[in-house]
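Below: the structure, in structure tokens.
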Amino acid sequence: MSNSESMAHSGEPLRYWRDGPVAHLRFNRPEVLNALDLPSANAFLAACQDISADASVRVVVVSGEGRAFIAGGDLAAMRDNPVDTAWALIQPMHAAIRLLADLPAPVIASLHGAVAGGGLGVALACDLAIAAEGTRFNLAYVNIGTSSDCATSWALPRLVGTRKAMEIALLGETFDADEALRLGLVNRVVPAAELEAETQKLARRLADGPPLALAKLKRLVRESLDRDLSAQLDAEAEGFLACAATADFAEGIAAFFEKRRARYQGR
């Protein structure tokens, strides 16, 4: 997709567009607080597949239209045939979350309103998260008599520790953006009116960074908890040497000594 092309049509369950090297994914069912149904899950997966095949994408921003980020799964769609409907929904959502984690580009969650259930899973799958004041979080699954999906049981203990993850999962209580910041579930909390501008500022900063180095750093951090120290040291050495052989590293060194801003090309 070129920079001028857009899939941001109002009737689609997910808006997907490019702003230069920044790809935007915006869930677009505001009338139901962007509750996840099969069309939105399939659109999310298709967009993630498109992005994963496009080396020109340097940053991805995931957001929600209207009054919420994502208020969880669409329970109305599951009432008549819960098992088959849940399975049909879980498959594309889990495939999309795998793609987000594996993308070399950093992924930013821009959060507001309700972030619940699978919506919290999408947020936790992103590499960075910025939340508006007033955002409300709830894992919520226990409140409807089910266990979790969308990698929430994987991400939560890694971010907040096992004991706090148990509390969030088993009690199903709502907490606010300040608590999410304290727990490390989000990186920044900003006034609601400034959320879009602050998200764009963060996205542009990352887009201007060294994409090969950012990809290596993302992978090192994501895989670190599954390695012992020796294996992580080996992975760090391999990553550093790979980056040191790039034109971007030479540009970074030159910019440092010339006291100017580096211009990274991804080479």
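The values are calculated or read from the model by the stated rules, or taken from the named source; none is laboratory data. This one's a predicted model, so the numbers in the text were calculated from it and none came from an experiment. Note that we place each Cβ from the backbone using ideal geometry, even for glycine, and neighbour counts take in every protein chain shown.
Data for the structure
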{"quantity": "Yes/no for Leu89 being of a type in the set (A, V, I, L, M), under 14 Å from the mean Cα position of the chain (by Cα) and within 22 Å of Trp154 (Cα to Cα)", "calculated": "no"}
{"quantity": "Residue check for Arg158: in contact (Cβ under 8 Å) with a residue 40 or more places away in the chain, more than 19 Å from Leu103 (Cα to Cα) and not in a loop (DSSP other than H, G, I, E, B)", "calculated": "yes"}
{"quantity": "Flag for Pro30 being in contact with a Lys or Arg (Cβ under 6 Å, 6 or more places away or on another chain) and surrounded by fewer than 21 Cβ atoms within 10 Å (Cβ to Cβ)", "calculated": "no"}
{"quantity": "Every pair of residues 6+ apart whose Cβ atoms lie under 7 Å, when the first sits in region 222-237 and is within 16 Å of Ala101 (Cβ to Cβ) while the second is polar (S, T, N, Q) and surrounded by 13 or more Cβ atoms within 10 Å (Cβ to Cβ)", "calculated": "Ser224/Gln232"}
{"quantity": "Among residues of region 14-32, those that are over 17 Å from Val107 (Cβ atoms), over 18 Å from the mean Cα position of the chain (by Cα) and part of a loop (DSSP other than H, G, I, E, B), counted", "calculated": "1"}
{"quantity": "Glu238 vs. criteria assigned by TED's automatic domain parsing to the domain that holds Gly20 and out of contact with any helix residue (DSSP H, G or I) (no Cβ under 8 Å at 6 or more places or on another chain)", "calculated": "no"}
{"quantity": "Total residues in region 57-93, condition modelled with pLDDT under 95 and under 23 Å from Leu128 (Cβ atoms)", "calculated": "1"}
{"quantity": "Which listed residue, of Ser110, Ser153, is within 12 Å of the chain's Cα centre (by Cα), at pLDDT 95 or above and polar (S, T, N, Q)", "calculated": "Ser110"}
{"quantity": "Odd one out for Ala169 among (1) under 18 Å from Ala114 (Cβ atoms); (2) touching a strand residue (DSSP E or B) at 6+ places or on another chain (Cβ under 9 Å)", "calculated": "(2)"}
{"quantity": "Output for region 245-263, where each listed residue is among the aliphatic types (A, V, I, L, M) and either surrounded by 12 or more Cβ atoms within 10 Å (Cβ to Cβ) or modelled with pLDDT under 95 (or both)", "calculated": "Ala247, Ala250, Ile253, Ala254, Ala255, Ala262"}
